[in-house]
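Q: The structure's right below; bear with me while I get my questions together.
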Amino acid sequence: MTLEAAMPGTCPARPVAPPVTGSRPPTRGYSATKDQHLARLTRIKDEMRHGQHMMDNNDSCMDVVAQICVIQAALDELALRLLADHAHRCIIEAETAEQVDKTDELMSAIGRLVRRDRDEVPTGSPEQL
């Protein structure tokens, strides 16, 4: 299961242009902290596996929900760190003409992150869901 499938309501993936042969990969806002972010993603995957293990072992619903909260909090923390990297490296260091577009892009990403939690909460019996 992919992280996107496990975490509905997350930011949609953006298409990535294929690299040009012989060119260096683009420098991203997170380039300086990439190893830290990858380590954090590895820990998040471990937490997800633990949640799956909990369900395989028929742990209580509340324990599984608590584990899901741990996973969501870790993803939110990573998203905020990436947004901070974007603000510091991609907006502040951008050409003046690009700063407005990059700020709009940042605000759009923040909006998606915040609105994710405002989706309607399903109610009713499991059979109705």
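What follows draws every value from the coordinates through simple rules; no lab data is involved. Since the structure is predicted, the reported quantities are computational estimates derived from the model, not experimental observations. With ideal geometry, Cβ positions are generated from the backbone for all residues, glycine too; neighbour counts draw on all protein chains shown.
Q: Are any residues in region 50-64 surrounded by fewer than 11 Cβ atoms within 10 Å (Cβ to Cβ) and part of a helix (DSSP H, G or I), and if so, which ones? Spell out how you get there, then give the answer.
A: Restricting attention to region 50-64, the residues satisfying the condition of being surrounded by fewer than 11 Cβ atoms within 10 Å (Cβ to Cβ) are 56-58, 60-62.
Answer for region 50-64, where residues must be surrounded by fewer than 11 Cβ atoms within 10 Å (Cβ to Cβ) and part of a helix (DSSP H, G or I): D56, C61, M62.
Q: Among the residues of region 65-102, what is the count of those that are of a type in the set (V, I, T) and assigned to a loop (DSSP other than H, G, I, E, B)? Write out each step before concluding.
A: The first filter runs over region 65-102 and keeps only residues of a type in the set (V, I, T), leaving 65, 68, 70-71, 91-92, 96, 100.
Subset that is assigned to a loop (DSSP other than H, G, I, E, B): 92.
Matching residues across region 65-102 total 1.
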